[in-house]
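Novice: Okay, handing you the structure first.
Rule-based calculations on the coordinates, nothing more; no lab input. Bear in mind the structure is a predicted one, so any value in this text is a computation, not a measurement. Note that each Cβ is placed from the backbone with ideal geometry, even for glycine, and that neighbours are counted across all protein chains shown.
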Amino acid sequence: MMRRAFQAIGFWARSLTGARRRAINEDGTAAVEFAMVAPIMITMLFGVAETSLALICRADVSLMAGTAADLISQANTVNTADVKNVYDAAGTILYPYYDPASGSAKPTIRLTSVIDNGSGAVGQNHLTGKVAWTCTQPGSGTLPPATAVGGTVTLPQAIMTAGGSVIIAEIAYKYDSPTTKTIAATMNFTNNFYTKPRRVLQIGAPTGGCP
């Protein structure tokens, strides 16, 4: 009986030792696997976060263009303060990317009134017009060079009516990723929006000039 008891104890001791060794081996394997997978998972996490933030900022820039054009198009006449208010109102859409209180770089905003230049056929909408006035808020983004007053502008569609005008809002914003782990380069987000004045055929140049 004693012999059998000792044999049983030895068997269980060997079993426990083997189980302990297997557990140690499994722990070591798990640690190695985690060390290999963790960098990939962390990179993917930053990639998803940074891409999401960039897409949200891109959508905000598009919304800014429509907002700026819509605000100007509701006026009969505008002055320096009106244009400045449009700049400020449109800029709030970019919060928290652009926060005036923090001193962050402004978005570039250009407002242009393009009037009928009489180049289209009678009774048809025109594809071109000439610049009556343009105002620009300098900022971080880069826009194509502005067409000088009196210069010809080609519209994306034949939307210019005889004796009418089109308001163009152009927005540009330089986006820098807050972490730069996967998006290291600066991106220049731009968007244009075209609309017509709602109450008058043509909105005159801002009284007092551009801000």
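Novice: Projected onto the charge dipole of the stretch 33-179 (+1 at Lys/Arg Cβ, -1 at Asp/Glu Cβ, origin at the Cα centre), which of P39, S177, V153 gives the Cα projection farthest towards the positive end?
Specialist: V153
Novice: Ignoring solvent entirely, what values of log10 I(q)/I(0) come out of the Debye formula for the stretch 30-195 at 0.20 Å⁻¹ when each Cα is a single scatterer?
Specialist: Log10 of I(q)/I(0), two decimals: -1.22.
Novice: How many angstrom lie between the C-alpha centres of the stretch 132-211 and the stretch 63-90?
Specialist: Here the answer is 11 Å between Cα centres.
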